[in-house]
Amino acid sequence: EAGVTQFPSHSVIEKGQTVTLRCDPISGHDNLYWYRRVMGKEIKFLLHFVKESKQDESGMPNNRFLAERTGGTYSTLKVQPAELEDSGVYFCASSKKVPGQGPGTQYFGPGTRLTVL
Amino acid sequence: AQSVTQLDSHVSVSEGTPVLLRCNYSSSYSPSLFWYVQHPNKGLQLLLKYTSAATLVKGINGFEAEFKKSETSFHLTKPSAHMSDAAEYFCVVSDNWYSSASKIIFGSGTRLSIRP
């Protein structure tokens, strides 16, 4: 079974440009999450999709960040326009709800390292 | 509210000696707890999880952790360190595990170094 994949693995852009990160979850996982780790800080939750719907987007830092999950499969996270403080590693995770339990254990992708110059 | 504290930002041990990575949590509900590991240039890998079953949890690569409610701790241990254990380890807590809105919170991470 393929794991969570993310593309690109590394992106270097200039301040003011736009970047789109992609996450492909494990097949059959309805839950998809985005997290971010800014250098030297903790991994922070950004948002949670259940299929194509946003369950929780309380962690999105501001309206320069837009996440989509059309069709309930892969997800994109767009940053427009990028700022210096957006630099960090963006992780995606997916999980499958287990009957009688919660959203299930999260499995993470390798992350996208974003550098904004 | 939930939170998790990893007491050591960096731990260094000699190969073949025991490993102890400390984690304390705070949770309003009965928590679920996890340890993830990140090797250099790799993704986060689940080591083990506690979700209200046995308090001593065994994970992959010889790691285990014990849930101690009275001490609000979930320390990660391994009897004998191997060079391949060098990585960053994250303790994670989830409140209200059985809710679809369940959210996980990461600790700040502990970097484990292994001396030959």
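Put +1 on the Cβ of each Lys and Arg and -1 on the Cβ of each Asp and Glu in segment B:14-111; which of B:S32, B:N61, B:L21 then has its Cα farthest toward the positive end of the dipole? Positive-end residue among those listed: B:S32.
Mind checking the full-extension length gain between B:S70 and B:T17? Use 0.36 nm per residue of separation minus the Cα-Cα distance, one decimal, nm.
16.3 nm
Taking Cα atoms of segment A:35-102, Rg/Rh with Kirkwood Rh, to two decimals?
Details: Rg = 13.1 Å, Rh = 13.2 Å.
In segment A:35-102, Rg relative to Rh is 1.00.
Taken about its Cα centre, the protein assembly as shown carries a charge dipole of roughly 60 debye when the Cβ of each Lys and Arg holds +1 and the Cβ of each Asp and Glu holds -1. Charges were assigned to the Cβ only: +1 to each Lys and Arg, -1 to each Asp and Glu. The resulting dipole of chain A about its Cα centre is roughly 80 debye. For chain A, the ratio of Cα radius of gyration to the globular rule of thumb 2.2 N^0.38 Å stands at 1.02.
Quick one: plug the Kirkwood hydrodynamic radius of the protein assembly as shown (C-alpha pairs) into Stokes-Einstein at 4 °C, 1.567 mPa s, and report D in µm²/s. Each step should come with its number before you reach the end.
Numbers: Rh = 18.3 Å.
Value of D from the Cα-based Kirkwood radius: 71 µm²/s.
So if each residue of separation counts as 0.36 nm, and I subtract the Cα-Cα distance between A:T5 and A:K51, what length gain in nm does that give?
Values: separation 46, 0.36 × 46 = 16.56 nm, distance 1.70 nm.
This chain segment gains 14.9 nm when fully extended.
Normalised by the number of residues in segment B:6-48, what is the relative contact order in percent for Cα pairs under 8 Å and 6+ residues apart? Let's see the in-between values first.
Details: 29 pairs, mean separation 11.8, N = 43.
Relative contact order, segment B:6-48: 28 percent.
Once the convex hull of all Cα atoms in chain B is built, its volume per residue stands at 97 Å³.
No value in this document is a laboratory result; all are computed from the given coordinates. Since the structure is predicted, the reported quantities are computational estimates derived from the model, not experimental observations. We place every Cβ from the backbone using ideal geometry, glycine too, and count neighbours over all the protein chains shown.
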